[in-house]
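The values are calculated or read from the model by the stated rules, or taken from the named source; none is laboratory data. None of the values given here were measured: they were computed from a predicted structure. Please note: Cβ atoms are built from the backbone with ideal geometry, for glycine as well, and neighbour counts cover all protein chains shown. These area figures cover heavy atoms from the full protein model, side chains too; ligands, DNA and RNA do not enter into them. Shrake-Rupley method; radii C 1.70, N 1.55, O 1.52, S 1.80 Å.
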Amino acid sequence: MTAVEEGDLVARVEGAAGVIRLNRPKAINAVTLEMFRDIDKALDRFEADPAVAVILLEGAGERGLCAGGDIRALWESSRVNGDLGKILWREEYILNARIKEFPKPYVAFMDGIVMGGGVGLSGHASHRVVTDRTKLAMPEVGLGFFPDVGGTYLLSHAPGEIGTYFGLTGQTMNGPDAIHARFADAVVPAAKLPALREALTKVRPGVTAAEISKLIDGFATGEAAGPVAAKQATIDALFAFDRMEDIVAALEHDASEFAMATLKTLGEKSPRGMVVTLKLLRLARKASNLEECLVREYRAALEVFRSDDFREGVRAAVIDKDRNPTWSPPRIEDVTPDMVARYFAEIGADELKFK
């Protein structure tokens, strides 16, 4: 076993596995710019090491793999017109794309809380393991943001309008619902993760993705649909529209308990964030690959970073925690095409480019 000092990221070889452990348990392993850089360096090492047959991503502590990015640092930079957003999201999105194309099997243990940037590190893995404790969400619309880190790509590939529903409401998926939404591949009971982890460290060099899948399936429950999947037909009917006004009208007309609860949830989100998210999701459906979505997300993210809505959303949720944001504009119908267009404009020399 070759170890690196145990800072915010631990990267070491254990048997045949290159283990990457997010190591900020008190912050539910929220990811910083330095951690993204350290993950990239670890992947360089593990890709070049013939003794490493498989990558394993895990989170320290009992609460979850990762609660997302370091939102407070981004908020502080945004307030002073800093450039952390521009730098962090560029490096993070390039890393997300690298994970998707990584040449060795990449297994993500999506145990406990998995949100935002945590989805970016795990949702593009070749093998995505959720558990009976998984709480997976893309809640960015509640921060005046949108589901990024390739979230628009993942959500747009969910069956029917399930992705539209999760992207706009920020609601939480359990393990089986994450399978149904195509955010994960297998449910393994949390109690069996140590045994699966041990088995992964003992695979042979050159092990194939199919062999890793078979190994994981030996620990899996086979569950493939949770409580939200049971509402697929209803969600498909209510979220099939390309305008937020039409989705709201459909929910109001439906008037069921589910529709009313969903309306209440949407009423708490950033109107601008919802309109931008819906457009990103619809464009993602036509995208040929993840990178195309990440380029679009990066353009939109830079506009978010400049916006009052982002600062206000983070203030209400993370800084003051009063859960009472004042959105600008306050109503969906006040979000103009000119406002939205800024999120989709080309950005010249700042465009996201992949190696």
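Consider residue 140 against the criteria (1) surrounded by fewer than 24 Cβ atoms within 10 Å (Cβ to Cβ); (2) within 24 Å of residue 275 (Cβ to Cβ): it satisfies all of them except one. Which criterion is unmet?
(1)
Would it be correct to say that residue 273 is surrounded by fewer than 22 Cβ atoms within 10 Å (Cβ to Cβ) and under 15 Å from residue 170 (Cα atoms)? Don't jump to the end; show me each part of the working.
On the way: surrounded by fewer than 22 Cβ atoms within 10 Å (Cβ to Cβ): no; under 15 Å from residue 170 (Cα atoms): yes.
No; evaluated as a whole, the condition is false for this residue.
Which residues, taken from the stretch 143-169, are more than 22 Å from residue 344 (Cα to Cα), touching a residue at least 60 places away in the same chain (Cβ under 8 Å) and in a loop (DSSP other than H, G, I, E, B)?
159, 160, 161
Can residue 147 be described as open to solvent by less than 10 Å² (accessible area, probe 1.4 Å) and within 13 Å of the chain's Cα centre (by Cα)?
Details: open to solvent by less than 10 Å² (accessible area, probe 1.4 Å): yes; within 13 Å of the chain's Cα centre (by Cα): yes.
Yes; evaluated as a whole, the condition is true for this residue.
Of the residues 275, 335, which single one is in contact (Cβ under 8 Å) with a residue 40 or more places away in the chain, among the β-branched types (Val, Ile, Thr), out of contact with any Pro (no Cβ under 9 Å at 6 or more places or on another chain) and more than 20 Å from residue 72 (Cβ to Cβ)?
Numbers: 335 fails: out of contact with any Pro (no Cβ under 9 Å at 6 or more places or on another chain).
On inspection, the qualifying residue turns out to be 275.
Just need a number here: residues in the stretch 291-320 that are open to solvent by less than 10 Å² (accessible area, probe 1.4 Å) and part of a helix (DSSP H, G or I). If you could, list the steps in order and put the result at the bottom.
Within the stretch 291-320, the first condition is being open to solvent by less than 10 Å² (accessible area, probe 1.4 Å), and the residues that meet it are 293-294, 297-298, 300-301, 304, 307, 309-310, 313-314, 316.
Still in the running and part of a helix (DSSP H, G or I): 293-294, 297-298, 300-301, 304, 309-310, 313-314, 316.
Residues flagged as open to solvent by less than 10 Å² (accessible area, probe 1.4 Å) and part of a helix (DSSP H, G or I) within the stretch 291-320 amount to 12.
Is there a residue being of a type in the set (A, V, I, L, M) and within 22 Å of residue 185 (Cβ to Cβ) anywhere in the stretch 75-96? First the steps, then the outcome.
The first filter runs over the stretch 75-96 and keeps only residues of a type in the set (A, V, I, L, M), leaving 80, 84, 87-88, 94-95.
Checking the rest, the ones that are also within 22 Å of residue 185 (Cβ to Cβ) come to 95.
Within the stretch 75-96 (the criterion being of a type in the set (A, V, I, L, M) and within 22 Å of residue 185 (Cβ to Cβ)), the answer is yes, since at least one residue qualifies.
Scanning for something in contact (Cβ under 8 Å) with a residue 12 or more places away in the chain, in contact with an Asp or Glu (Cβ under 7 Å, 6 or more places away or on another chain) and more than 22 Å from residue 294 (Cβ to Cβ), does the stretch 102-110 turn up at least one residue?
Checking the stretch 102-110: at least one residue is in contact (Cβ under 8 Å) with a residue 12 or more places away in the chain, in contact with an Asp or Glu (Cβ under 7 Å, 6 or more places away or on another chain) and more than 22 Å from residue 294 (Cβ to Cβ).
Condition first: in contact (Cβ under 8 Å) with a residue 12 or more places away in the chain, open to solvent by 40 Å² or more (accessible area, probe 1.4 Å) and assigned to a helix (DSSP H, G or I). Now tell me which residues in the stretch 170-219 satisfy that.
180, 192, 195, 197, 209, 213, 215, 217
Could you check the stretch 224-262 and list, in sequence order, the residues that are aromatic (Phe, Trp, Tyr) and either part of a helix (DSSP H, G or I) or loosely packed, with under 13 Cβ neighbours inside 10 Å (or both)? Talk me through it step by step, then tell me what you get.
Step one: filter the stretch 224-262 for residues aromatic (Phe, Trp, Tyr), giving 239, 241, 258.
Matches in the stretch 224-262: 258 only.
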